[in-house]
Amino acid sequence: MIKEFTSINRVNGELILPGDKSISHRAVMFGSMADGVSVIGNLSTSEDVKSTMNCFKELGCEFEIGESIIKIKGKGFKGFNKPKKSLDCGNSGTTARLISGILAAQDFETELIGDESLSKRPMMRIVEPLRKMNAKIFTSDKATLPIKINPSALNPINYEMTVASAQVKSSILLAGLHLVDETIVTEKVFTRNHTEKMLGLKTVDTGNGVSIYSSKKKYPIHFQINVPSDISTASFFIVLTLLLPDSELVLKNVSLNPTRTGVLRVLKNMSGDIQILNKRSEMNEETGDILIRSSRLKNVEIDKSIIPNIIDEIPVISVAGIFAEGNFQINNAEELRYKECDRISALCENYKKLGLKVDEFNDGFSLSGGISSKNVLFESFGDHRIAMTFAVLSSLLKSGGRVEDFDCVKISNPDFLGQLRSISF
Ligand code: S3P
């Protein structure tokens, strides 16, 4: 479906966005692993989290889906049923990588499959440490899905992360939850810490930029959580508000976990008028309201250490960069090539269509020059964040713009269009 976006004059109002996708995946997983009934409010409405729920349904968990809460009847320690078919992770890397750690410790065999995009994404990053734990885990010849996992007796490891990835860290720690002795993961670049926080795992901050996490036999106890809104979803509306004149927006109860708020730090450094109101905490996760007002932005240097923190928001930050004083440049972000699509190449291709001067590097890109083309048809590459990035950009252009295969936004935020409409003038 090609979606047409006309120019928006200004935005104003308040939005309550769906629950954070990363926290929601984990709430579904940990609730499924727990004994008893867990209650989750404001669960992400994304297709990705539905993929996680479908996998755990296959493993025998029961979900009662209400208007505003879902209840999960977990299966407890090693209580999962052997699934009757392959577990379909859909488009979701988080599902595939985290569940691999859980499944490696089960005493039945499983197979993980995914859609075309997920079936191209690298899996060696989890296979390698899980094999060190003695997992019997096998990939396709290209080190991608399908993944087959056979039962084995796992052993703990002491693992130093080679890629900055919360998915890899979580996969290892989740396998470690099944073992008597401690599994240790050391991280030199901080990645999102929802797994550690939600499970209350031991974390040691050595103070010199190194963090050590560990897990050992401790299964989750049933819990209640009201999932705060997703800051990655929020970032599209934040950039739109900053760039439009006479605009003001309040985003209510957004996750403000410091491992996720890099986007606010970068946009504030760019002179964005962003204020946090009513800061509070929900199950160890910081939340608050975000007030955003129109701003004159300036491009700034984006430091290497903040990249993992803003990895999902770089596409929309680059839109801010086009309209900001100076030229936008991002480096140290090669990981973007391994997301739902090769996001560096997708962004560069679309920006070239606008007439911008684009320099593509292996680990990033730079943008300069002006916009010369009108009513461009942007490609989403089936990637939800690329689709929303160019929806925001199209809405900022006098000529508007079009985004092909826009439907893919349902992967993270099915109601993006309704939310956009409700604040646009
Ligand atoms: C996620 C971690 C990040 C992020 C993804 C969600 C998670 O991926 O890009 O959208 O929930 O753990 P990596 O761990 O591959 O960096």
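Values in this text are rule-based calculations from the coordinates and carry no lab data. Only a predicted model underlies this, so the values are computations on that prediction, with no experimental measurement involved. Reconstructed Cβ throughout: ideal geometry from the backbone, glycine too, with neighbour counts over all protein chains shown.
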* Convex hull over the alpha-carbon atoms of the chain: what's its volume per residue in Å³? -> 127 Å³
* Structure fact -> Here, Asn331 and Phe361, labelled 7 Å along Cα→Cβ, have an inter-label distance in nm of 0.4 nm
* Any chance you could give the angle, 0 to 90 degrees and rounded to 10, that helix 343-353 forms with the longest Cα principal axis of the chain? => 20 degrees
* Using modelled amide H (1.01 Å from N, peptide plane; none on Pro or chain starts), what sits under 5 Å from the amide H of Asn91, excluding residues fewer than 5 places away? -> Asp115
* Filter the cross-link list Lys50/Lys398; Lys82/Lys197; Lys84/Lys132; Lys21/Lys252; Lys252/Lys410 down to pairs whose alpha-carbon distance in this structure exceeds 25 Å. => Lys50/Lys398; Lys82/Lys197; Lys84/Lys132
* To do: Sequence neighbours fewer than 8 away in the same chain don't count; with that in mind, list the aspartates and glutamates whose C-alpha is under 15 Å from Lys339.
  => Asp48, Asp115, Glu116, Asp312, Glu313, Asp363, Asp383
* Asked: Can you work out ³J(HN,Hα) from phi for every residue in the range 29-39, in order, using Karplus 6.51 cos²θ - 1.76 cosθ + 1.60 and θ = phi - 60°, giving whole Hz and x for Gly and Pro?
  -> 5, 6, x, 5, 7, 7, 7, x, 9, 9, 10
* Which one of Val263, Val227, Val163 has the biggest mean-square fluctuation once the chain is modelled by GNM with Cα springs under 10 Å? -> Val163
* Considering the zone a paramagnetic label at Ala153 would reach in this model (a point 7 Å from Cα along the Cα-to-Cβ line), which residues of the range 164-179 have amide N under 15 Å from it? -> 179
* Asked: When only C-alpha pairs under 8 Å and at least 6 residues apart count, what is the relative contact order of the range 44-193, in percent?
  -> 20 percent
* Amide H partners (placed H, <5 Å) of Asn257, local residues excluded -> Glu286
* Where does each of Glu67, Glu301, Glu282 land when they are ranked from fewest to most other beta-carbon atoms within 10 angstrom? -> Glu67, Glu301, Glu282
* Asked: Listing Ile23, Ile69, Ile157 from the residue with the fewest other Cβ atoms within 10 Å to the one with the most, what is the order?
  -> Ile69, Ile157, Ile23
* To do: Run the numbers on the chain and let me know its relative contact order in percent, using alpha-carbon pairs under 8 Å that are six or more apart.
  => 19 percent
* Asked: How large is ³J(HN,Hα), in whole Hz, for each residue of the range 411-425 in order, when computed from phi with the Karplus curve 6.51 cos²θ - 1.76 cosθ + 1.60 and θ = phi - 60°, using x for Gly and Pro?
  -> 4, 10, 8, x, 9, 3, 5, x, 5, 4, 4, 5, 10, 8, 10
* To do: Provide the per-residue ³J(HN,Hα) series for the range 130-141, in order, calculated from phi with Karplus coefficients 6.51, -1.76, 1.60 and θ = phi - 60°, each as a whole number of Hz, with x at glycine and proline positions.
  => 5, 5, 4, 7, 6, 5, 9, 10, 10, 10, 5, 4
* To do: Grab the beta carbon distance between Phe138 and Asp342, set R0 = 25 Å, and tell me the FRET efficiency rounded to 0.05.
  => 0.45
* Using only the Cα atoms of the range 21-218, what do you get for the radius of gyration and for Dmax, in Å? -> 15.7, 48
* To do: With springs connecting C-alpha atoms under 10 Å apart, model the chain as a Gaussian network and identify which of Asn332, Asn91, Asn208 has the largest mean-square fluctuation.
  => Asn208
* Name the most mobile residue of Asp88, Asp48, Asp246, meaning the one with the largest mean-square fluctuation, in a Gaussian network model of the chain with Cα contacts below 10 Å. => Asp246
* Roughly how tilted is helix 166-176, in degrees to the nearest 10 and between 0 and 90, from the longest Cα axis of the chain? -> 10 degrees
* Where the centre of each part is set by its Cα atoms, how far does the range 38-109 sit from the range 287-340, in angstrom? -> 32 Å
* Where does helix 314-323 land angle-wise versus the long Cα axis of the chain, in degrees 0 to 90, nearest 10? -> 10 degrees
